[in-house]
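Structure first, commentary second.
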Amino acid sequence: MKFLDKFGLKPLSFELEGETVYYKQISYNLAVAITHEYNDIMRQLIIIRHCLCEEDGSMVFHEDTDLAEIGDKLPFEIISLIATEISNSSGPKVRDEQLKKKHKS
C-alpha cells in the first residue's frame with residue numbers, strides 16, 4: 001500500500017440532523033493558515049471551504065470560493081456545527097487517541 005493511500009486525507013463523515021456530512025480532516029497547511037486567522041467566524045468559514053466534501057471526496061466549495069459566498073449559502077449554526085466537528089476530528093491529539101484505542105483492542 002502506498003503511503004498516501006494509507007495516511008492521506010480521505011473523506012470521513014458524521015451525522016447532522018439526520019443527514020450524512022462528508023469532510024476531509026484539516027491538513028497541515030490548512031492548520032498553519034488558520035492559526036494566523038484571529039476571527040473565529042472566518043476560521044470556521046475557511047475550514048468549511050477547505051474540508052467540506054461530497055461522498056466521493058470532491059470538494060463542495062472550490063478553494064478560491066469567496067468566504068462571504070459560503071456564509072450566504074449556509075446558516076450560521078450549521079457552519080459552526082460542521083466546523084467544530086471537523087476541528088474536533090483533526091489534529092495530533094485525535095491521532096494519538098485513535099492509536100491508543102487501536103492498541104488497547
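Bear in mind that the values in this text are calculations on the coordinates, not laboratory data. The model shown is predicted, which means the values in this text are computed figures rather than measured ones. Virtual Cβ from ideal backbone geometry, glycine too; neighbours counted across all protein chains shown.
About its Cα centre, how strong a charge dipole does the stretch 11-104 have in debye, to the nearest 20, once Lys and Arg get +1 and Asp and Glu get -1 at the Cβ?
The dipole magnitude comes to about 800 debye.
For the chain, modelled as a GNM with alpha-carbon contacts under 10 angstrom, which of GLU15, GLU54, GLU37 fluctuates the most?
Judging by the Gaussian network model, the answer is GLU15.
Would you mind getting me the FRET efficiency between MET42 and THR20? Use the beta-carbon distance for r and R0 = 30 Å, nearest 0.05.
E(calc), rounded to 0.05, equals 0.70.
Starting with the fewest neighbours, write out LEU16, LEU4 ranked by other beta-carbon atoms found within 10 Å of each beta-carbon.
LEU4, LEU16
Rounded to the nearest 500 deg cm²/dmol, what is the calculated helix-only ellipticity per residue at 222 nm for the chain, with -39500 (n - 2.57) per DSSP H run of length n ≥ 4?
After summing the helix terms and dividing by the residues of the chain, the value is -16000 deg cm²/dmol.
What list do you get for VAL32, VAL60 if you sort them by fewest beta carbons within 10 Å?
Ascending number of Cβ neighbours within 10 Å: VAL32, VAL60.
Most exposed first by the Cβ proxy, i.e. fewest other Cβ within 10 Å, how do LYS2, LYS24 rank?
Listed from fewest to most nearby Cβ atoms, that is LYS2, LYS24.
Tell me which of LEU4, THR35, ILE78 sits at the most positive position along the dipole axis of the chain, charges placed on C-beta atoms (Lys, Arg +1; Asp, Glu -1).
LEU4
Given axes a ≥ b ≥ c from the Cα gyration tensor, I'd like to know whether the chain is rounded (a/c under 1.5), prolate (a/b larger than b/c) or oblate.
Taking the square roots of the gyration eigenvalues as a ≥ b ≥ c, the chain is prolate.
Relative contact order for the chain: what is it in percent, counting Cα pairs under 8 Å that are at least 6 residues apart?
Contact order relative to length: 24 percent.
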